[in-house]
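As structure tokens, the structure follows; a few thoughts come after it.
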Amino acid sequence: MTTDPWREKLTEAEYRVLREGGTEPAFTGEYTDTETTGVYCCRACGAELFTSDTKYHSGCGWPSFADTEKAAVTLHEDDSLGMRRTEVRCANCGSHLGHLFTGEGLAPKDMPDQRYCINSISLRLRPTESASG
């Protein structure tokens, strides 16, 4: 019998989203409204995925990012739920992060017109130390 090492590393809820492609309920994630400056990393492996300077409030109920380093994520066609979407996964460990939507007009005007709609539970924020005093 083989034990999945992710089961030991992740909570049940994290495993459901990151390894099984689930989704956390809208407006419940810890980073939905966060404005802390820093880097958002994959909760499973720690790889850097998004920065706070591309995060914006889209009103969708999940953290939204206008861009990422393309090498940080992989994109996959997702035909589940009777619609075509683009799934976003961590390029390092393959964990499910969320979905990418384009052409919605939700991003700020100075950012690409796309929304990386990412589950908070897929992320861990590493705040940037502020230079004080």
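Annotations
- Near the amide H of THR51, within less than 5 Å, lie the amide hydrogens of TYR40, all on another chain or at least 5 residues away, with H placed in the peptide plane.
- One chain, two ends: GLU20 and ASP67. Fully extended at 0.36 nm per residue, the span grows by 14.5 nm beyond their Cα-Cα distance.
- Dipole check for the chain: with +1 at the C-beta of Lys and Arg, -1 at the C-beta of Asp and Glu, and the Cα centre as origin, the magnitude is about 160 Debye.
- Across segment 112-117, computed HN-Hα scalar couplings (Karplus, 6.51 cos²θ - 1.76 cosθ + 1.60, θ = phi - 60°) run x, 7, 8, 9, 7, 8 Hz from first to last residue, x flagging Gly and Pro.
- Value at 222 nm in deg cm²/dmol, rounded to 500, when DSSP H runs of n ≥ 4 in the chain each add -39,500 (n - 2.57): -2000 deg cm²/dmol
- Interchain or long-range residues, amide H under 5 Å from LEU123's placed H: ARG43
- Spin-label model, GLU12 to VAL39: label points 7 Å out along the Cα-to-beta-carbon direction sit 3.4 nm apart.
- Cysteines without a disulfide-compatible partner [the chain; Cβ-Cβ under 4.7 Å]: CYS41, CYS60, CYS117
- Cα-based shape type of segment 39-114, given that a ≥ b ≥ c are square roots of the gyration tensor eigenvalues and the cut on a/c is 1.5: oblate
- Springs join every pair of Cα atoms under 10 Å in this Gaussian network model of the chain, and among LEU106, LEU97, LEU49 the largest mean-square fluctuation is at LEU106.
- 3J(HN,Hα) from dihedral phi, segment 60-67, Karplus parametrisation 6.51/-1.76/1.60, rounded to Hz, x for glycine, proline: 7, x, 10, x, 10, 10, 7, 7
A short reminder: the numbers here are calculations on the coordinates, not readings from a lab. Note that the structure is a prediction, hence the values are computed from the model and not measured. Glycine gets a Cβ as well: all are built from the backbone with ideal geometry, and neighbour counts include every protein chain shown.
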